[in-house]
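Quick notes on the structure that follows.
The values are calculated or read from the model by the stated rules, or taken from the named source; none is laboratory data. Everything numeric in this text was worked out from a predicted model, so none of it was measured. Positions of Cβ are backbone-derived with ideal geometry, glycine not excepted, and every protein chain shown enters the neighbour counts. Keep in mind that these areas ignore ligands, DNA and RNA; they rest on the heavy atoms of the full protein, side chains included. Shrake-Rupley method; radii C 1.70, N 1.55, O 1.52, S 1.80 Å.
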Amino acid sequence: MTSLFIIAGLNLIPKITGFKSIKIEKKISIILLSSLLLNITSIALIFNDIKIKGFYTNSIIGIIFIITCLLFFAIVNNNWKKILIVVILIPVIALTLITLFFSQSIAKFQINRDYSIEVRNGGLLSCGETIHIYKTNNLFFDEIVQNKNDLCVYGIYDIKTTHFDNKEAQFLIFHNEKLDSENPIKLELKRK
């Protein structure tokens, strides 16, 4: 609800200041469209267990989209076209904020040349942090091959690989011992 008031307040800025520049409005609209398409692509890939390479890449794409939306709200003058765009953007902004805050990457550890393991924030209703094993597909994307979201541990600061092949994987997970006194936790996964 608060975010709707912020969006409404930002949309009042052009009316209050009287600022009008068609050239700047067009440039911001083009930047908004390109960041929207990139952000939707990034979110669609995440929901299909694929992510763009890089530890902060998806977060940076989401932040650029949010900043571009804020600039659009604050600079472009109000008309029916802007109102329609704002109505379309609100669900995308909400989805972006959810992926930014509740699926934040915390740490990444290399398993071998082709695989890595990433620790992510579990979200509001999770028992702890989640672990995702990624396989490098090509130059731009990593694909989730397996995930584990029922560990119930927080503060994972190191993961050592003890065994990793096509049938099974074994890891030692070091954490801050807040929810579980066993440290390290031995995790065994059957490979899919």
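Some points to look at:
- The set of residues in the range 125-146 being without any contact (Cβ under 8 Å) to a residue 24 or more places away in the chain and part of a loop (DSSP other than H, G, I, E, B) consists of LEU125, SER126, ASN138.
- Of the residues making up the range 79-92, those that are open to solvent by less than 80 Å² (accessible area, probe 1.4 Å) and closer than 13 Å to SER29 by Cα are LYS82, ILE85, VAL86, LEU89.
- Residue match in the range 165-173 (condition: touching a Ser or Thr at 6+ places or on another chain (Cβ under 8 Å) and in a loop (DSSP other than H, G, I, E, B)): no
- Residues located in the range 165-190, provided they are in contact with an Asp or Glu (Cβ under 7 Å, 6 or more places away or on another chain) and either surrounded by 15 or more Cβ atoms within 10 Å (Cβ to Cβ) or at pLDDT below 80 (or both): PHE174, ASN183, LEU189
- Pairs linking a residue in the range 147-160 that is open to solvent by less than 70 Å² (accessible area, probe 1.4 Å) to a residue that is basic (Lys, Arg) and part of a loop (DSSP other than H, G, I, E, B), with Cβ atoms under 7 Å and 6 or more positions apart or on different chains, are GLY155/LYS178.
- Entirely in the range 1-78, the helices (runs of 4 or more DSSP H) that have 1 or more residues that are surrounded by 13 or more Cβ atoms within 10 Å (Cβ to Cβ), among the acidic types (Asp, Glu) and modelled with pLDDT under 85: 22-47
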